[in-house]
Amino acid sequence: MINKALPKIWYGGDYNPEQWNKETWSEDERMFTLAGIDVATINVFSWALNQPSENTYDFTWLDETIDRLYEKNVFVCLATSTAAHPAWMAKRYPDVRRVDFEGRKRQFGGRHNSCPNSPTYRKYASRMAEKLAERYQNHPAVLIWHVSNEYGGYCYCDNCQKEFHVWLKDRYHTLDAVNQAWNTTFWGHTFYEWDEIVVPNGLSEEWEHGNNTNFQGISLDYRRFQSDSLLDVFKLERDQLKKHTPDIPVTTNLMGLYPELDYFKWGKEMDVVSWDNYPSIDTPVSMTAMTHDLMRGLKSGQPFMLMEQTPSQQNWQAFNALKRPGVMRLWSYQAVAHGADTVMFFQLRRSRGATEKYHGAVIEHVGHEHTRVFKESAAVGEELGILSDQIIDSRTDAKVAIVFDWENRWAINLSSGPSVALDYVKEVHKYYDAFYQKNIPVDIIGVEEDLSQYQVVIAPVLYMIKEGHANRLKKFVRDGGTFVTTFFSGIVDENDLVTLGGYPGELRELVGIWSEEIDALEPSHTNEIVFDTSIGALKGSYTCNVLFDLIHAEGAEVLATYGSDFYQGMPVLTKNTFGQGNAYYVASSPDQTFIRDFVENICTDMDIKALMVSADGVEVTERVKEETSYLFIINHNPEEASFEAGETVYIDLITNNTYTGTNKIKARDVLILKQQ
């Protein structure tokens, strides 16, 4: 629980008083009070202010800011300021500057511009964290530490190359093992000395900004290494903070489905996961919900922080639409419904200059409270005050889990075939959306998660089978669980070496099929999934595309077959009884109607019921605390819609209105219901 010192859903966001004068600070504080703002994230990009030269530190402005905010009942999420190194550091110590994918040495500028393996950066970032922890360890305003900001980006410099060799030695121990893992006899790449290994970038093995590679093994390992390198820098700062403030939690803001870092590894090293939610106006609401659930899953269901969202609009998308009236509130509560214990923004006041001056804020450029955005923000702040501590630290009780794995995603993207149209995130979301539309909670889990708490586990496109994962899945099914996997699964091990003996490799016994070939067609070319007889909700035919596994049943029951092409009549959906449970194999990428009906069958078989029945576009999500259930009814529609409460009588925590039977919910409205 992160909310001990301030026992409510924290409300606030990024604040940059260093960009403004004292008169503006007074107005900010007045308007924070009006809006119910109680937490400000400060010091995110202030390294150059805090350390104007190599041996000079000056925290005067930060002392005054923290004291001033605290006097106005605003606590701080205190960042370490290390997200962008100072200009003097880049000038004096070139090793701090990254080398890009094309092999070019960066100059000073931008952000995320520090090499994680630079001795200079590691030294001064760690020292800055320690000085801050020493200075503010007893300040009652400090609720949580925020290390750096939105880690990301790779470096290809000489320091990274040297540390990559060290990382490889730790992982493989010998060059013989490296050569075997990377299959270096292909194209004569055998290495005899560690320093013969160069970083895989646009000058060596990769092209198209890393979207293609000649050697998947080295490219996959370099992604692991860069993710680990950035994580090591986070841990350096975290450890300094913990040395002086062991009871203050430490986080850094993640970016949801960001492709470059393995967030399941990161989640293990953070006291609380936080992330920045920036959907577009046309992002499916179920995709946002899935990403919230993924962030919750990084620490096995622990509540997370919504660290950033915009009150109105972004500035960096191609088309920066305003959030329509009510949508900011709607999406804020959607985050809370899926496990957030904070609602925070970037930013509290709009910057006057530079690249984020048109990024939305609670306080707009006009500088007063008489704006639509401020009024909506103040209304949410008031409601969060009413909710108090009722919801914080509650959890989600899901019986369905969907597996998500960053390394599997990297391997698929680097696989050099069979289809550029194969989108791992899209395939995962298709299955998630089917449960979401039925108001059935889902956990998004990593490959190491305990499966015993679930009835259904789905692993779409499980291309890479890591050591031990297949055995855990077999035990899960043997003990009575239902497992679903799909085409292009069980192909390789964690080194991206094909598991010989037939696809799907280590999953072959579990799913009871053998995949002989994989056809890949341009997505407009479709086939059919044909049912000769109805099986529950599944009947008639459905379309499928992208990839088509040509499979043979080896003990599995054939439920449906392909409807056309030379593999007409071959299995496309199978079910294999394994111990006390069942394992399904879906041999192509089906349309959403098939997945909806398939999920309905699984839920019926496993007696998994919806939280509530609701109209399309009305999301129902649950959080549970000490056996008390809180149901969030979220109407994403721009018009009134309905939901069924059954015979139970519920009370809304915000309005105290009661609901039972058939009910209406206003357009873009939210109810938080507790059984009366």
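Read-outs: derived from the displayed coordinates by stated rules, not from any lab. These numbers were taken from a predicted model, which means no experiment stands behind them. Cβ coordinates were reconstructed from backbone atoms using ideal geometry, including for glycine residues, and neighbour counts include every protein chain displayed.
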For segment 117-150 and segment 487-515, what is the separation of their C-alpha centers, rounded to whole Å? 46
Using the charge dipole of segment 19-167 (Lys, Arg: +1 at Cβ; Asp, Glu: -1 at Cβ; taken about the Cα centre), state which of Ala84, Val74, Gly103 has its Cα farthest towards the positive end. Gly103
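Can you tell me what share of the DSSP beta bridges in the chain is antiparallel? A percent to the nearest 5 is fine. Let's see the in-between values first.
Working: 59 of 101 bridges.
If I count the DSSP bridges inside the chain, around 60 percent turn out antiparallel.
Within the chain, which complete DSSP H helices have Cα atoms spanning at least 30 Å along the helix axis and a mean Kyte-Doolittle hydropathy of 1.0 or higher? Numbers along the way, then the final one.
On the way: long enough: 216-244 (43 Å, -0.94).
Taking the DSSP H segments of the chain (at least 30 Å long, mean hydropathy at least 1.0), we get none.
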Can you give me the relative contact order of the chain as a percent, contacts being Cα pairs under 8 Å and 6 or more apart? 11
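Based on the mean of other Cβ atoms within 10 Å per residue, sort peptides 432-444, 414-426, 238-250 so the most packed one is first. All intermediate terms of the calculation are to be shown ahead of the outcome.
On the way: 432-444: 21.7, 414-426: 16.0, 238-250: 17.5.
The peptides rank, most packed first, as 432-444, 238-250, 414-426.
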To the nearest 20 debye, the chain has a Cα-centred charge dipole, built from +1 on Lys and Arg Cβ and -1 on Asp and Glu Cβ, of 1680
Considering only C-alpha atoms, what is the centroid distance from segment 540-599 to segment 641-676, in Å? 40
What is the fewest-to-most order of Trp331, Trp187 by other Cβ atoms lying within 10 Å of their Cβ? Trp187, Trp331
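Ignoring everything except DSSP H segments at least 4 long, calculate the 222 nm mean residue ellipticity for the chain; use -39,500 (n - 2.57) per segment, divide by total residues, nearest 500. Could the numbers behind the result be given before it?
Values: 17 runs with 203 residues, N = 676.
Value at 222 nm, helices only: -9500 deg cm²/dmol.
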Only one of the listed values, [x] 16, 38, 27, 14, 5, 0; [y] 18, 52, 27, 3, 0; [z] 17, 48, 31, 4, was derived from the coordinates as P(r) over Cα pairs in 20 Å bins from 0, in percent; which label is it? [z]
For segment 256-337, give the magnitude of the charge dipole about the Cα centre (Cβ charges: +1 Lys/Arg, -1 Asp/Glu; no others), in debye to the nearest 20. 280
Within straight cross-link reach of Lys475, meaning Cα distance under 22 Å, which lysines are found once same-chain residues fewer than 8 apart are removed? Lys399, Lys466, Lys575
What ranking, highest mean first, results for peptides 168-180, 39-51, 253-265, 332-344 when packing means the other Cβ atoms within 10 Å averaged over each residue? 332-344, 39-51, 253-265, 168-180
Sort 285-294, 359-368, 208-217 for me by packing, meaning the mean count of neighbouring Cβ atoms within 10 Å per residue, highest on top. 285-294, 359-368, 208-217
Can you give me the Cα centroid spacing of segment 421-447 and segment 369-417 in angstrom? 15
With a sphere of radius 12 Å drawn around the Cβ of Ser541, what net charge do the other residues whose Cβ falls strictly inside it have (Lys, Arg +1; Asp, Glu -1)? -3
Leaving out same-chain residues fewer than 8 places away, which lysines sit with a Cα under 25 Å from that of Lys22? Lys72, Lys357, Lys375
